[in-house]
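**Student:** Below: one structure in structure tokens.
FYI, it's all coordinate maths here, none of it is from the lab. Because the structure is a prediction, the values reported are computed rather than measured. Counting neighbours? That spans all protein chains shown, and the Cβs are built from the backbone with ideal geometry, glycine included.
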């Protein structure tokens, strides 16, 4: 079966868009788009990815070329989808699936609700908080409070992500909520210190994906993406710190 | 007790970032191994910065090996691996000093926090870059063999 130029571009563009939306490294997105379109029979592929958009130019055997641009505004983190698109491109390169199947699978990946719903992610977030509190040699009630504070952070994330829009608002509000929980605990039981609660609570807010991708983009030589992702990590940390500091300042006063 | 806590923290990070369910255990074991390296190098007398650097080098190496053998992106194993190393308590202590107006202690603690964070980032950088060099060296030498034959 002959695959048309438009179909190649739409398949490659969709794959790139999914990977960028869910937090993949720049070089991985570019390589995946190259592999997918070449497996469909493209002669030459040029791909360019920055953290806010995907560009793709495909030239077919007849020498015609077509460019597509996909703008990505909302970005989340879902490493499961990245692994799935990666697997799909491997299969396409090995000729183990057809074009029509590949497109259907990609559309399914972009729409399916993978991973876990609100309650399990809240429990996971709480476990991060509680576990970190254990590492800080906290006593039992501090661990419980850290668990609850980290759960609250996840719930705030859920609410804020529905409202969409303002960047770094969730990190700031999360930091404030955690510091407030710590201060409240200290107020109710002056024997317990708010330290472990706040340290545990801010742990789910660490920008893990931004840090990792910034490093991996530097190694791959994608300077533009690595700088902006590094800045994202710094700004996220600053937002969390500001949220905590503001509440602590008021509490001390 | 603490090892179990680290395992749970890493596994929860994996769930939060939605890594494929079958890989959660591998990613958590990377986190536990990294934390143990950090813990014992600190008991042996190393500074926090050096201990975190060594541990994050280990995270990078383990993640790249797992990624190659399971054919999955290395990011999946790096993130749960290095989160237990993040200097959360240092960052908090810095904030506390700054709020109380003890700027000298705050700046020195902040410097330590930043150095520790940079050490983690640089450790992952070093191990991933070295791994890439080794892989490229292997493919290059296999090309030379093709040329000879």
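**Student:** Run the numbers on chain A and let me know its relative contact order in percent, using alpha-carbon pairs under 8 Å that are six or more apart.
**Tutor:** Values: 401 pairs, mean separation 42.2, N = 253.
Once divided by the residue count of chain A, the mean separation gives 17 percent.
**Student:** I've got another one for you. In whole angstrom, note down how far apart the Cα centers of the stretch A:22-98 and the stretch A:224-252 are.
**Tutor:** 33 Å
**Student:** For residue A:52 and residue A:167, calculate 0.36 nm times their separation in residues minus their Cα-Cα distance, and state this gained length in nm to one decimal. Could you put the intermediate results ahead of the total?
**Tutor:** Details: separation 115, 0.36 × 115 = 41.40 nm, distance 1.35 nm.
Using 0.36 nm per residue and subtracting the Cα-Cα distance, I get 40.0 nm.
**Student:** Also, I was wondering about something else. Note down, for the stretch A:118-252, the three equivalent ellipsoid semi-axes (square root of 5 times each alpha carbon gyration tensor eigenvalue), biggest first, whole angstrom.
**Tutor:** On the way: eigenvalues 159, 47, 42 Å².
Equivalent-ellipsoid dimensions as semi-axes: 28, 15, 14 Å.
**Student:** Relative contact order for chain B: what is it in percent, counting Cα pairs under 8 Å that are at least 6 residues apart?
**Tutor:** Numbers: 169 pairs, mean separation 37.9, N = 149.
About 25 percent, as a whole number.
**Student:** Now a separate question. Can you work out the FRET efficiency for the pair residue A:31 and residue A:228, with r the C-beta to C-beta distance and R0 = 22 Å, to the nearest 0.05? Working shown, then result.
**Tutor:** Working: r = 20 Å, r/R0 = 0.90.
The formula returns an efficiency of 0.65 here.
**Student:** Now, a different point. In nm, give the distance between the simple-model label positions of residue B:65 and residue B:3, each being 7 Å from the Cα along the Cα-to-Cβ direction.
**Tutor:** 1.8 nm
**Student:** Separate question: For chain A, modelled as a GNM with alpha-carbon contacts under 10 angstrom, which of A:145, A:24, A:62 fluctuates the most?
**Tutor:** Per the Cα network of chain A with a 10 Å cutoff, A:62 tops the list.
**Student:** Quick one: order A:253, A:189, B:35 by neighbouring beta-carbon count within 10 Å, fewest to most.
**Tutor:** Numbers: A:253 6, A:189 12, B:35 25.
Placing the least packed residue first, the sequence is A:253, A:189, B:35.
**Student:** Kindly express, to the nearest 10 degrees and within the range 0 to 90, the angle between helix A:169-188's C-alpha long axis and the longest C-alpha principal axis of chain A.
**Tutor:** Relative to chain A, helix A:169-188 is tipped by roughly 20 degrees.
**Student:** So if we plug the beta-carbon distance of residue A:184 and residue A:118 into 1/(1 + (r/R0)^6) with R0 = 30 Å, what FRET efficiency do we get, rounded to 0.05? Display every interim value, and only then the final one.
**Tutor:** Numbers: r = 24 Å, r/R0 = 0.78.
So, using R0 = 30 Å, E works out to roughly 0.80.
**Student:** If you don't mind, another one. Would you list A:7, A:25 from fewest to most Cβ contacts within 10 Å? Please report the intermediate quantities before stating the final value.
**Tutor:** On the way: A:7 15, A:25 28.
Fewest-to-most ranking of A:7, A:25: A:7, A:25.
**Student:** Work out how much length residue A:2 to residue A:242 would gain on full extension: take 0.36 nm times their residue separation and subtract the Cα-Cα distance, in nm to one decimal.
**Tutor:** Numbers: separation 240, 0.36 × 240 = 86.40 nm, distance 5.67 nm.
80.7 nm is the gain from fully extending residue A:2 to residue A:242.
**Student:** Do you know the relative contact order of the stretch A:5-111, to the nearest whole percent, from alpha carbon pairs under 8 angstrom that are 6+ apart?
**Tutor:** On the way: 175 pairs, mean separation 32.1, N = 107.
The value is 30 percent.
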